[in-house]
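Nothing in this text is a laboratory measurement; each read-out follows from the coordinates by a stated rule. Just so it is clear, the structure is predicted and the values come from calculations on it, not from any experiment. Using ideal geometry, Cβ is built from the backbone for each residue, glycine included, and neighbour counts are taken over all protein chains shown.
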Amino acid sequence: MGKNIIEVKGVTKQVRDATGVLTILHEIEFSLAERESVAIVGASGSGKSTLLSILAGLDLPTSGQVRLAGVDLFTLDEDARAAVRGERVGFVFQSFQLMGHLSALENVMLPLELRGDRQARRLATEMLQRVGLGERLGHYPRLLSGGEQQRVALARAFVLRPAVLFADEPTGSLDHATGEAVMQLMFDLNREVGTTLVLVTHDPAIASRCDRQIRIEAGRITADVAVRAPGGDAAAALAGGAATDAAADASAVAATAAAA
Ligand SMILES: Nc1ncnc2c1ncn2[C@@H]1O[C@H](COP(=O)(O)OP(=O)(O)O)[C@@H](O)[C@H]1O
Ligand SMILES: [Mg+2]
């Protein structure tokens with residue numbers, strides 16, 4: 001396994017309102033290796049989206065540290081963090097978040113143009129062909145189906161060849177079959193580009209396709225278990241034995257999900 005691309009230490013997030021202080025994340029710690037795929041699972045409201053935003057440097061923790069590609073994110077100012085994101089990070093959201101006034105091609109060109117890439121048109125066209133939208137380059141988002149819009153969003157994220165892709169319930173607004181196709185494409189691109197994938201999902205079948213699952217309950221990690229050896233199969237990882245009780249529980253959950 002390669003070196004760590006993400007290292008999270010003691011990340012706590014609190015928000016203050018009229019009734020007092022609410023702790024959304026408690027002392028979160030874990031590391032992710034290059035190319036690893038991890039599913040972040042847990043009930044709605046458990047803190048998954050907040051954690052993803054902090055890992056990407058979009059939100060600030062109250063305390064704790066995140067190193068992304070060796071850079072200590074919260075020692076940087078907002079502009080420097082944005083520069084790290086632009087270089088290293090791709091995003092895919094449940095709501096696609098395409099620019100409605102730009103065509104599919106222009107949406108995918110945008111991040112390349114923002115970093116001054118003179119091959120933007122060619123690279124964006126190739127990536128849209130890769131996701132099966134070569135015939136839709138000039139379409140505006142409103143003329144595309146949900147699955148097509150999410151494929152444009154995947155093309156926009158992967159065209160930068162990011163070190164890390166953060167995906168927050170990317171199939172949450174798609175029907176099952178369309179969601180399956182989008183997930184397959186995401187796992188394929190992840191392998192081709194060599195990206196580390198951090199995927200928030202409610203779907204145990206999708207989670208079990210990741211190398212690893214981290215479960216969050218009420219802002220705490222309650223299980224962190226390798227489901228598969230990176231690039232390998234689930235049985236090999238499970239046969240390797242679970243290190244902790246929490247890991248054993250999550251292995252059982254994963255095995256049950258796989259059998260269902
Ligand atoms: N800025 C905020 N102010 C107050 N509460 C927040 C804020 N952001 C998130 N929360 C609360 O923190 C908890 C975790 O939210 P979130 O990270 O969106 O959970 P998840 O993505 O797992 O559904 C929820 O109870 C939510 O209401
Ligand atoms: Mg969420």
- Fraction of alpha-carbon pairs in the chain farther than 27 Å apart, rounded to whole percent, equals 38
- Hey, what D do you get for region 80-201 in µm²/s if you plug the Kirkwood alpha-carbon radius into Stokes-Einstein at 4 °C and 1.567 mPa s? 91
- Item | Two-site FRET efficiency, S145 against R191, from Cβ-Cβ distance with R₀ of 25 Å, rounded to 0.05 | 0.50
- Anchor K9: aspartates and glutamates whose Cα lies under 12 Å away (excluding residues fewer than 8 positions away in-chain): E27, E29, D72
- Inter-label distance, nm, simple model (7 Å from Cα along the C-beta direction), V71/L114: 1.3
- Message: Give me I40, I216 sorted ascending by neighbouring Cβ count inside 10 Å, so fewest comes first.
- Response: I216, I40
- Query: aspartates and glutamates near K48 by alpha-carbon distance under 12 Å, same-chain residues fewer than 8 away left out - which ones?
  - Reply: D168, E169, E217
